[in-house]
1. In a helix (DSSP H, G or I) and over 24 Å from Ser31 (Cβ atoms) - does that describe any residue in the range 185-201?
2. On the basis of being touching a residue at least 60 places away in the same chain (Cβ under 8 Å) and out of contact with any Leu (no Cβ under 8 Å at 6 or more places or on another chain), does Tyr35 make the cut?
3. For the range 199-213, which residues satisfy the criterion of being in contact (Cβ under 8 Å) with a residue 40 or more places away in the chain and more than 17 Å from Phe50 (Cβ to Cβ)?
4. Evaluate the range 106-115: report whether one residue or more is over 27 Å from Thr43 (Cβ atoms), touching a residue at least 12 places away in the same chain (Cβ under 8 Å), among the aromatic types (Phe, Trp, Tyr) and surrounded by 19 or more Cβ atoms within 10 Å (Cβ to Cβ).
5. Could you tell me whether Val237 is in contact with a helix residue (DSSP H, G or I) (Cβ under 7 Å, 6 or more places away or on another chain) and at pLDDT 90 or above?
6. Considering only residues of the range 171-198 that are aliphatic (A, V, I, L, M) and in contact (Cβ under 8 Å) with a residue 40 or more places away in the chain, which is nearest to Ile244 (Cα to Cα)?
7. Among the candidates Val25, Val67, which residue alone is closer than 30 Å to Lys118 by Cβ and within 22 Å of the chain's Cα centre (by Cα)?
8. Please state which one of Phe163, Phe204, Phe228 is touching a Ser or Thr at 6+ places or on another chain (Cβ under 7 Å), crowded, with 17+ Cβ neighbours inside 10 Å and not hydroxyl-bearing (Ser, Thr, Tyr).
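The values are calculated or read from the model by the stated rules, or taken from the named source; none is laboratory data. In this text the structure is predicted, and so the values were computed from the model without any measurement. Note that each Cβ is placed from the backbone with ideal geometry, even for glycine, and that neighbours are counted across all protein chains shown.
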Amino acid sequence: MVNEELRVLATIGLIYETFIIALFVTILILSFKKYQQKKHELTFYLILIFLNFTIAIVFSWLSKLLVITIGLEYNHIPDFQPPVDEFNPIWWFLLRIVDFRISYIFVIIAIYLSYVLKVKLFDEGYKPKQRIFIIIFTIFTAIFTFFIYQRTNSIYDTFAFFFVFLLMLIVYIPFLSKTYKAYKSVKDKVYKKGFLALSLLSIFYILVLFSFFIDRMLTLIPGFELGFTLFYYLGWVFCAAASICAYFGYIKPRTQN
């Protein structure tokens with residue numbers, strides 16, 4: 001039976017993520033309406049990025065629902081004994097939901113789409129070696145995240161998170177560099193605001209996984225094993241801030257010109 005304190009924390013997290021999902025869906029709808037006006041290709045890629053982050057948080061929300069309703073506990077909980085056979089196909093999938101592996105998959109897709117957006121935004125064309133490396137590392141990270149999993153052994157979860165975070169840095173640090181340089185160089189106020197918004201988006205998305213990394217590391221400290229620290233809540237705040245910045249700073253002004 002699930003720890004009662006964990007059930008309470010998961011319930012609070014469920015309510016919190018419900019409001020975050022509502023915000024994400026609102027931004028998605030507004031962004032799609034703007035896209036319908038001008039059919040701007042880069043806006044379409046941003047919408048796809050927002051959509052994948054939204055699906056990621058929906059699966060995070062589902063993980064908490066599984067904790068509350070059927071008593072599944074997170075893999076990092078000390079001395080946890082799995083109540084189910086992981087080889088049952090249904091439970092195989094449910095366990096990957098509850099331990100955020102499915103959420104990671106959609107974050108990985110969003111990160112790769114961000115790489116495509118960077119290339120298209122600056123009309124630089126794909127650099128063959130760089131593209132091959134990013135594609136291979138993206139596929140490797142997705143396969144590791146989805147298939148390399150063992151209940152009660154959280155070391156695999158740690159590596160999965162590390163690979164996703166590393167992919168995020170590989171894509172978003174160059175993205176940040178490009179957009180910030182463009183922000184400093186352009187004179188047009190609309191374009192300047194747009195590039196600043198994309199720079200902030202890059203920073204906020206990096207902070208999303210950094211916050212979750214801190215939250216996860218804190219679970220190693222006695223008294224914090226259940227997670228749900230301040231950094232967990234900050235993670236989704238940063239994700240929402242990224243979408244809001246991109247919408248008001250890039251999507252809305254760009255489609256009005």
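1. yes
2. Yes.
3. Phe210, Phe212, Phe213
4. no
5. For Val237, the condition - in contact with a helix residue (DSSP H, G or I) (Cβ under 7 Å, 6 or more places away or on another chain) and at pLDDT 90 or above - is not met.
6. Going through the qualifying residues, I end up with Ala197.
7. Every option except Val25 fails the conditions.
8. Phe163
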